[in-house]
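J.: Could you have a look at this structure, given as structure tokens, before my questions?
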Amino acid sequence: MIGDVLVSSIICNNLKKAYPQARIDYLVYESTTPVLEGNPNIDRIILFKKKHRKNNLAFLKLAWQIRREQYDLVIDAYSKLESWLFVFLSGAKRKISYKKPGRSFLYTDNLPFTAYPKTNLGLAIERRLSLLKPLDLDIEIDPLPKLFVTEDENKLAQKLMAEHGVNAHRKTVMISLIGSEPSKTYPLEYMAQIVNYIGEQFEVNLLFNYFPKQIDQAKKVYDLCSEQTKSKIYFDLLGPDLRSFIALMNQCNLIVGNDGGAINIAKSLGKSSFIIFSPWIEKKIWATFEDGSRQISVHLNDFKPDLIRQYSEKELKTNTPELYQQFKPELFLGQFDGFLKDNLVAQAAENALTITPIKLPLSALIITFNEEKHIKAVLEDIDFADEIIVIDSFSTDKTVALVQEFPKAKLIQNKFVDYSSQRNFAIECAQNPWILFIDADERFTDKLREEVIETVQKPDACSAYLFYRIFYFKDEHLHFSGWQTDKIFRLFQKDKARYVTERLVHEKLKVVGSIGKLKHKLIHYSYTDYESYKDKMVNYGKLKAKEEMAKGVQPNFFHFYLHPAYKFLYQYLVRLGFLDGQKGIIICYLNALSVAVRYRELKKMRSKK
């Protein structure tokens, strides 16, 4: 509960920042209030006590008390039965929560419950911050949960440490020794190895974090430690209450051990952390601010994913004791050693939490020739990919110079033969298992970008995905003319797809495995002006002529006259081009022109042969 309350407090912090004159109240479990003390962004803490859960009359009295406040806004970050009832009875003008089946009628704003993180903030924080999106706050969002420790509390903690003889010249490590339940507690014999590694390698003070009722487990870890390590452990140094623990944690340099409230407290105080997650806990939710240096976490799934994959979510918790035994310290000792050296030996920067996009197994590929109009915008659009490769066919405009200005993009020159060959060449250059192929004149919406990020993280993803596209005529959406159902492969797994070499234009992707479709659409700025689109259609026509030549097609009256006319009439009448007005006439004409060029070129080629 402490972790949930701390993380959700960022909603209060940002609301107060945006609306300094507003009254911000926070409804929480009674036992969690110590982590909120001194927070200037919360005007009043409303307590949810045991009696409210056990007694219906007491619950309704609290709900009626909330209703009398006549709140303008209620944000439900809990979204469970108890909070639904409070929301339903609140009478608030605006109510925000996550979109879940069967309860959307309770809220004025229902936000997607994101399944995969987009940054190193972690899902726990990203989900809470998403609840602020409908408000369009005109502030820079602060994602960091905060704890406020008074000067007196710090002095009392320092005094307590001095009374226990803690060496003030050493750095101090807090050990999150025991989880909130057995299924969240790293095996004690393994935890002893972790503590021993710190004690035998570094000159530090070691504090154990445990509740008095857990003293027997704490002693077991202590007894398994070497004498050298025991001399550095201050076993009985415990604060009498949660506020005292917070002040003690504030005197430490870092925390190591089981995920839980102590870890969240440490991070909120700006301390470094090394977290060992239980096999049944989802790391992507609670691994917040991971940066590979000050904030690191490990999970059995990082090392032995097949062990995790064989169980359903429900089975994982039941099989956690068995899985924990497979999670031996030697799996992550290299990472652990680097963490300790970074934070105990090197001078680590204080409060240096940074937000970075999550590393995706995704390579974004673009093939270009004279794309100076589009290249800068499309590179900025796909910056979320881990790798960006531009395959250029010796452009004569500013394309190359603009690509070289973009530090993340890798430029490779390759002579253009045809589109299929060029795309297959690009695929071979990619390092990641997922390929995102994008044309320079295509753009992502925010929703499509989020959908791609989530898709490549799914363990059950399809082999390839089709994108629907919105066609733009200059700066106007073209609704018909054959483009209303336009879709194309843009995302696929590298080892499961290649372009068919027989197709020189309008490439065909051969896919091994299942095919899916993304819900959100890609924007296609294909038509910027008449001449450039005409040149594109003529070029397509010439490449199609080569395809027809390879097939042995002999052009005749039908190809020269009836086929182009059919193409125009089909797109203009059957595909409703006439509803696009003058724009529809232009597009349908140029597509028909491409057909005419195809067979005119084919005739020339056959004559030469």
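The values are calculated or read from the model by the stated rules, or taken from the named source; none is laboratory data. Worth saying up front: this structure is predicted, and the values here are computed from it rather than measured. We place every Cβ from the backbone using ideal geometry, glycine too, and count neighbours over all the protein chains shown. The area values use the complete protein model at the heavy-atom level, side chains included, leaving out ligands, DNA and RNA. Shrake-Rupley method; radii C 1.70, N 1.55, O 1.52, S 1.80 Å.
J.: What does the extension gain come out to for Leu47 and Tyr561, with contour length at 0.36 nm per residue minus their alpha carbon separation?
T.: 177.0 nm
J.: Compute the length gained on full extension between Lys474 and Lys219: take 0.36 nm times their separation in residues and subtract their Cα-Cα distance, giving the result in nm to one decimal.
T.: Stretched fully, the Lys474-Lys219 segment lengthens by 84.5 nm.
J.: Where does each of 399-410, 192-203, 61-72 land if you order them by average Cβ count within 10 Å, highest first?
T.: Most protected by this proxy first, the peptides run 192-203, 399-410, 61-72.
J.: Taking a ≥ b ≥ c as the square roots of the eigenvalues of the Cα gyration tensor of the range 354-493, is the shape rounded (a/c under 1.5), prolate (a/b larger than b/c) or oblate?
T.: rounded
J.: Another one. How much accessible area per residue does the range 257-361 have, in Å², with a 1.4 Å probe?
T.: With all protein chains present, the range 257-361 gives 45 Å² per residue.
J.: In whole angstrom, how long is each semi-axis of the equivalent ellipsoid of the range 130-269, when you take the square root of 5 times every eigenvalue of its Cα gyration tensor and sort them from largest down?
T.: Equivalent ellipsoid semi-axes, largest first: 30, 19, 14 Å.
J.: What number comes out for accessible area per residue over the range 556-609 if the probe is 1.4 Å? Units Å², please.
T.: Heavy-atom accessible area per residue stands at 61 Å².
J.: Given the chain, what percent of its DSSP beta bridges are antiparallel, to the nearest 5?
T.: Just about 25 percent of them are antiparallel.
J.: May I pose another question? Quick check for you: with a 1.4 Å probe and neighbouring chains kept, what is the accessible area per residue of the range 365-406, in Å²?
T.: Ligands and nucleic acids excluded, the result is 44 Å² per residue.
J.: How would you rank 133-144, 443-454, 156-167, highest first, on the average number of other Cβ atoms within 10 Å across their residues?
T.: 443-454, 156-167, 133-144
J.: Taking the Cα centre of the chain as origin, work out the dipole magnitude from +1 charges on Lys and Arg Cβ and -1 charges on Asp and Glu Cβ, in debye rounded to 20.
T.: That gives the chain a dipole magnitude of about 2340 debye.
J.: Give me the percent of the accessible area of the range 265-338 that comes from carbon and sulfur atoms, probe 1.4 Å, all protein chains in place.
T.: Reported share for carbon and sulfur atoms: 49 percent.
J.: Full-extension gain between Leu411 and Glu151, please, as 0.36 nm times their residue separation minus the C-alpha to C-alpha distance.
T.: So the extension gain works out to 88.1 nm.
J.: Work through the residues other than Asn414 whose Cβ is under 14 Å from its Cβ and net out their charges, Lys, Arg +1 and Asp, Glu -1.
T.: 0
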